[in-house]
Structure formats: C-alpha cells, structure tokens
Amino acid sequence: MDFPSGSKASTEQERIAAAQAGDPSALDSWFQEHHPAVYRLCLGFLADAVEAEDLSQDAMLHLLDRLQHWDPARSFSAWRNSIVLNLCRDRLRKLRRRERAELGAAPLHLPNPDPAPEDGLARREVQEVLQVALRSLPPREREAFVLRDLEGSATAEVAQAMQVSESTVRSLTTLARRRLRGLLAKSLGHEDLSGGGHD
C-alpha cells in the first residue's frame, strides 16, 4: 500500500491508521518495519534468543492492540520501546520465578549454527559471551545499555522509556559499559579494557 509523500510523522500516522483499519498490506508493512527492532530489544533485555523470539511476537500483537493509544506528538519509537521494555520486565519476573521453582537457572539458548562450521562456532561463542555478559548486568543498567548503545536511541528517548532523568540514563549507561568491558575482557581472555570507552 502506497502512502502520499510528507513528513515522517504524518507517514507514520497514515501507516498506523491503515494498520488499525485492518489493511493487510499496511499491517504487513508495519510488522516488517518494527519487528526487527522489537526483537533486538527483547534479545538485549532478556539475553535469551528463544525467549526473545517468543516475546517479540507477543509484543508485536500487544503493540497492534494498543496502536490507538499512541500519541502522535510523541516519538513512535520511544512509545514502542517503553511498551516492549515493560513486557520484558514482566517476562523476566516470570522467568525468575520459574528458575527459583526449578532451583536452577534457565539454559542459554543459541541460534541455529551457520552453514560454515568454523564461522558458526566462533559466532555462537561470541553471542554466548555477549548474552551471558548482558545477563550479568543489573536490570536497569542493561535496559539503559540496550536502548542507548545497541538500539542507538537518543538519551531523551531512553529516559522517557525508562521513566528516569537523562542524567540517570547517562550514569547507568556509563556503569554498564565499564562493567561489560570488564566482563567481556575476562570471558575472552584479554586484559581489562575498562579504562576507555565513550560516555
């Protein structure tokens, strides 16, 4: 479905209006546009590929059901990220309850291997290290890091999604970066790289 040219905001409103109306082409376009970002957020917040895939599908349906509540005066990505963040927090609480009930941590699930065994193995090892490192971060630091560094959201948008001040976002992100550098250096057998980085 084609939309008339115009501002990004108006185009977003038109797509959302068409998706709300049930237009199949608009729904497909909306899903294709937003699902990759929603999946990345879920993967970063949950640090578990299987859980992220499952929750990202649920999150897209949840977002679709709530499209009428989006205020066009607000950035759509900030609104979307805030909702996904809350859904991930709920899922993490459920996972922790389940883990406590099973008296052990849930296993780390990795994506299917790539066709090239050596490349696939190396990539999976890095993914495993990254997921374990992210899982080791305190929840608020992980949220700030995923939104700010992995998704590239503006500090103001991250603050809005997390419902904290921008200075808190900067502090949380700085702490997360330092902690991750130390964790990754240790896991990968390198010297601690926590002295550098950007804030």
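The values are calculated or read from the model by the stated rules, or taken from the named source; none is laboratory data. Values in this document were obtained by computation on a predicted structure and should not be read as measured data. All Cβ positions, glycine included, derive from the backbone under ideal geometry; neighbour counts span all protein chains shown.
Against the criterion of being of a type in the set (A, V, I, L, M, F, W, C), assigned to a helix (DSSP H, G or I) and either within 24 Å of Val126 (Cα to Cα) or at pLDDT below 90 (or both), Ala26 qualifies.
Only residues that are hydrophobic (A, V, I, L, M, F, W, C) and more than 21 Å from Leu134 (Cβ to Cβ): list them for segment 52-70, please. Within segment 52-70, Met60, Leu61, Leu63, Leu64, Leu67, Trp70 qualify.
Between Leu55, Leu110, Leu92, Leu43, the distinction of being modelled with pLDDT of 90 or more, touching a Lys or Arg at 6+ places or on another chain (Cβ under 6 Å) and within 24 Å of Pro138 (Cα to Cα) belongs to Leu55 only. Of a type in the set (Asp, Glu), farther than 26 Å from Pro36 by Cβ and at pLDDT below 95, is that true of Asp149? Considered against the rule, which asks whether it is of a type in the set (Asp, Glu), farther than 26 Å from Pro36 by Cβ and at pLDDT below 95, Asp149 comes out as no.
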